[in-house]
Each structure stands twice: as C-alpha cells, then as structure tokens.
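Working notes, beginning with the structure itself.
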Amino acid sequence: MNDLRIEQVEGGASLLDWQFVHNAIIPTSPLSFAEVTERAGRNRLCVAYAGDVLVGCSTVRPPGADNPVGTVIARILPEHRGQGFGGQLYAHGLELARGLGAEVIETCVLESNPEGLRFALRNGFVETEQYVLPGDTVPFIDLRLA
C-alpha cells in the first residue's frame, strides 16, 4: 500500500487543490472558490497527496449539538483509484468524525461515480436516500454506516 500524506486545508493552494478534486469528481455541482472557502469554515476539509501528487480530498461534516450524525466523504481522482488511497483517506475522516463526537456516520456519493458507490457499500454503508439538486439531472445517494 502506498503512503498517503493527508493535510487539513488551511487556505490558498490547499483550498484550490480541494476545489479541483471536488469539481473533477462532482462535475454536476462544481463549487466556486468562495463556496469552498465557506465550506472550510464549517467542515473539516483535507487534501491527500502521494508524494507531491494530488490524489484526493475529503470532507468531514461534524455532528451538531443535538444531532450525533457526522458525514465523511472521501474522494480519489480516477487515475489514482485502486491503490489503497481511498481506504486511508476514509479511515482518516472516520477517525476525525468520531473524535468530533459523531455516533452515526453518513456519506454521500454522486450516482455517476460507480467506483465511489462500490467503495461505500464495501465499507458497510447502506443507501438511505436519493435526490437530485435543483437544476441537476444526476442523483446524489446518501448512505449510512450500518
């Protein structure tokens, strides 16, 4: 298994790297730099590198004060899948979410990302909902860790 360096997004270049991966994997709902900056203020965003090569990003939405659900989303660029990076990035996000108090873990996958859906199902998630954002045509799939 290849070593992965995971860094929390702290502005500038790391925000741009996170935005690049997000928009490459979720082309139906691209985020502007301003939207990524706003997300970084309320979520834990990380970027993942193999050496100096950007391979993925993650989002951890912390649980709320009266809601024990945390969301962990790991995204690996297609050309870097199948090398164990997704598992490492997901494990990092899961540990972070649980450290923030999450008792229930959810994730979200774009239906047009079959590799991401297979990864979630293989790691114990079960589908809870499908929905299409206004103006989109490809559904998002929400899943919960069983």
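The values are calculated or read from the model by the stated rules, or taken from the named source; none is laboratory data. Given the structure is predicted, the values throughout are model-derived calculations rather than measurements. Quick reminder, even Gly has a Cβ in these numbers, built from the backbone with ideal geometry, and neighbours come from all protein chains shown. Areas reflect the complete protein model, heavy atoms only, side chains present, ligands, DNA and RNA absent. Shrake-Rupley method; radii C 1.70, N 1.55, O 1.52, S 1.80 Å.
Once the GluC sites (Glu not before Pro) in DSSP loops with at most 16 neighbouring Cβ atoms within 10 Å are cut out of the chain, the longest remaining piece is 11-102.
The amide H of Leu100, built 1.01 Å from its N in the peptide plane, has no neighbour under 5 Å, considering only residues 5 or more places off or on other chains. About its Cα centre, the dipole of the chain is roughly 200 debye, where the only charges are +1 on Lys and Arg Cβ and -1 on Asp and Glu Cβ. Contact order for the range 1-132, expressed relative to its length and based on alpha carbon pairs under 8 Å spaced 6+ residues apart, stands at 21 percent.
Here the 3J(HN,Hα) profile of the range 29-45, calculated from phi with Karplus coefficients 6.51, -1.76 and 1.60 at θ = phi - 60°, is 9, x, 10, 6, 4, 5, 5, 5, 4, 5, 4, 5, x, 10, 10, 9, 9 Hz, Gly and Pro shown as x.
Given their separation in residues at 0.36 nm each and the Cα-Cα distance between them, Arg5 and Arg122 gain 39.8 nm when the chain is fully extended. Each residue, Val53 and Ser32, gets one label point 7 Å from its Cα in the Cβ direction; the gap between the two is 3.4 nm. Remark: the chain carries 52 Å² of accessible area per residue (probe radius 1.4 Å; ligands, DNA and RNA excluded). Of the accessible area of the chain, computed with a 1.4 Å probe over protein heavy atoms only, carbon and sulfur atoms account for 51 percent. Straightening the chain between Asp66 and Glu115 buys 14.3 nm, computed as 0.36 nm per residue apart minus the Cα-Cα spacing. Couplings 3J(HN,Hα) of the range 105-120, computed from phi: 10, 10, 8, 9, 9, 6, 4, 6, 10, x, 5, x, 5, 4, 4, 4 Hz, in residue order, whole Hz [Karplus 6.51 cos²θ - 1.76 cosθ + 1.60, θ = phi - 60°; x for Gly and Pro].
So, counting K/R as plus one and D/E as minus one, what does the shell of residues with Cβ under 11 Å around Gly93 add up to? Once positives and negatives cancel, what remains is +3.
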